[in-house]
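The values are calculated or read from the model by the stated rules, or taken from the named source; none is laboratory data. This is a predicted model, so every value here is computed, not measured. In this analysis, Cβ positions are derived from the backbone assuming ideal geometry, glycine residues included, and neighbour counts consider all displayed protein chains.
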């Protein structure tokens with residue numbers, strides 16, 4: 001996949017991968033803008049430099065995912081996902097902030 005390859009279905013709508021099994025998939029440089037990855041299993045995938053602008057990551061399993069250089073991914077999006085210590089976050093994301101937001105949501109504070 002070359003740099004900034006958009007993944008767009010033939011109907012022109014945002015990509016829908018709800019509940020998809022995309023473990024160990026290479027998504028490096030992919031444009032996942034507005035994609036719906038709700039409950040997808042991305043365990044061990046590589047998404048280096050991928051664009052996550054407005055991507056839905058609700059309960060997306062992202063354990064061990066490499067997000068080095070990922071673009072437009074936010075603390076809020078990552079707090080919706082399931083990450084662990086093996087998830088490599090972009091350098092602009094504070095893991096502690098993600099964990100605080102996850103705890104607050106679980107505790108019903110948000």
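Tabulated values for the structure
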read-out	value
All positions within segment 26-38 that are surrounded by fewer than 17 Cβ atoms within 10 Å (Cβ to Cβ) and out of contact with any strand residue (DSSP E or B) (no Cβ under 6 Å at 6 or more places or on another chain)	34
In segment 77-110, the residues that are part of a helix (DSSP H, G or I) and closer than 20 Å to residue 15 by Cβ	77, 78, 80
Segment 75-89, residues that are surrounded by fewer than 17 Cβ atoms within 10 Å (Cβ to Cβ) and farther than 14 Å from residue 63 by Cβ	76
All positions within segment 56-88 that are within 19 Å of residue 40 (Cβ to Cβ) and touching a helix residue (DSSP H, G or I) at 6+ places or on another chain (Cβ under 6 Å)	57, 58, 78, 79
Check on residue 41, modelled with pLDDT of 95 or more, touching a strand residue (DSSP E or B) at 6+ places or on another chain (Cβ under 8 Å) and farther than 19 Å from residue 82 by Cα	no
Residue list for segment 13-32, restricted to those being over 21 Å from residue 68 (Cα atoms) and in a loop (DSSP other than H, G, I, E, B)	13, 14, 15, 17, 18, 19, 20
